[in-house]
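I have placed the structure first, in the form of structure tokens, so that the comments after it can refer back to it.
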Amino acid sequence: MRGTIIKSTGSWYQVLNSDGELWQARVRGKLRLDDRDTSNPIAVGDEVELTEDPNYPDTASISQIYPRRNYIVRRSNKLSSKRQVIAANLDAAVMVASVVAPRTSMGFIDRFLVCCEAFHIPAIVFFNKTDLLGEDGLDFLKDISAIYTQAGYEVYNGSALHAESLKPFNDRIAGKATLFTGHSGVGKSSLLNTMFPASKAKVGIISAAHDKGKHTTTFAEMHIQPNGTRIVDTPGIRDFGVVDVPEKEIGQYFPEFRKYAGNCKFNDCQHTNEPECAIKAAVGQENISEARYYSYLSILRGEDVFD
Ligand SMILES: Nc1nc2c(ncn2[C@@H]2O[C@H](COP(=O)(O)OP(=O)(O)O)[C@@H](O)[C@H]2O)c(=O)[nH]1
Ligand SMILES: [Mg+2]
Ligand SMILES: [Zn+2]
């Protein structure tokens, strides 16, 4: 039988089969894996073939992984070159961000967006906690939203405390397989619970000490809703090291650069110190956001963002 991995807890996987039954499964024997320089060869969202284990009720072994439509990876940690597949077979990935409590930096958002471009997954930026914003906060939200809209991204905002504020975003992801990522404490689990009360995702208490929240979700988990919407809730991710993107390609993953890059004097222009660079000219004319351009330079220098 065929099933979808909805949770992975090390060597055991929770798998939902096409009849809606939940199975506990593990890999037995050898699996044929194509690439997989990864710490987790099977990820949430993977489609697998299950064989019932006659010796134990409700347990099965995974005998095959079906080809992935797509997947997204991050580096397991700062020092390691090992990659971790966050999820597979996604329709969209959402960066859940907040302007306050905690403030999500643009550098962090931009690294996520580069990853989504590199893995061909439509990216959405969602600003949560709008209920906490005063006039200045709302101004900031407007400005930062305009930057991402100008760059070509879909941007939504709302508050997990007010279900009606989430309607446009909720409509956008209805029926889709969507990854929620972002710092711990921004409200990923709360959003899930407000939009889909049956989810019962665990919500963390923000620790006053560093306002970043505790890591309450340890493993990525897919929540399947009655209307077919599938949300992969992830543990708070502190860093989004850009993986597998060769330096000379980074510019290609800034969608707003594409229109101009062909006009640079040099074919291999990296948009740093080269003369007659069309990207720098576009930044000068505010057709490309200066903040996005600085993010590009920072990623080009190989800097990671840990905040
Ligand atoms: N004021 C406000 N608090 C929120 C909102 N969303 C989440 N929170 C609070 O922020 C904290 C972290 O939420 P949680 O959903 O666990 O964040 P996660 O780590 O991203 O899953 C909890 O105390 C929530 O009650 C929101 O829209 N407004
Ligand atoms: Mg959470
Ligand atoms: Zn250039």
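Summary table
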item	result
Among Glu47, Glu256, Glu276: highest mean-square fluctuation, GNM of the chain, C-alpha pairs under 10 Å	Glu276
Mean Cα-pair separation over length for the chain, i.e. relative contact order, pairs under 8 Å, 6 or more apart, %	15 percent
Exposure rank, largest accessible area first [Lys200, Lys280, Lys265; 1.4 Å]	Lys200, Lys265, Lys280
Out-of-range pairs (alpha-carbon distance over 27 Å; input Lys30/Lys176; Lys188/Lys280; Lys167/Lys259; Lys129/Lys176)	Lys30/Lys176; Lys188/Lys280; Lys167/Lys259
q = 0.14, 0.19, 0.31 Å⁻¹, segment 251-300: log10 I(q)/I(0) [Debye, one scatterer per Cα]	-0.27, -0.51, -1.47
Viscosity 0.692 mPa s, 37 °C: Kirkwood-radius Stokes-Einstein D of the chain over Cα pairs, µm²/s	159 µm²/s
J(HN,Hα) series, segment 108-117, from Karplus relation 6.51 cos²θ - 1.76 cosθ + 1.60, nearest Hz, glycine and proline x	5, 4, 5, 5, 4, 5, 4, 4, 4, 4
Angstrom value of the Kirkwood radius, inverse mean 1/r, which spans all Cα pairs in segment 66-150	14.4 Å
Within the accessible area of the chain (1.4 Å probe), percent carbon and sulfur	50 percent
Surface per residue (accessible, 1.4 Å probe) for the chain, Å²	48 Å²
Percentage of interatomic Cα-Cα distances in segment 71-233 larger than 29 Å	13 percent
Whole-number percent relative contact order across segment 39-143, with pairs defined as alpha carbons under 8 Å at least 6 apart	23 percent
Cα convex hull volume per residue for segment 2-65 (Å³)	80 Å³
Cβ charges +1 (Lys, Arg) and -1 (Asp, Glu), total dipole of the chain, debye	620 debye
Normalised contact order of segment 251-300, rounded percent, pairs of Cα under 8 Å and 6 or more residues apart	30 percent
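The values are calculated or read from the model by the stated rules, or taken from the named source; none is laboratory data. It should be emphasised that the depicted structure is a prediction, and the values quoted were computed from it without experimental measurement. Positions of Cβ are generated from backbone atoms using ideal geometry, with glycine treated the same way; all protein chains shown enter the neighbour counts. Keep in mind that these areas ignore ligands, DNA and RNA; they rest on the heavy atoms of the full protein, side chains included. Shrake-Rupley method; radii C 1.70, N 1.55, O 1.52, S 1.80 Å.
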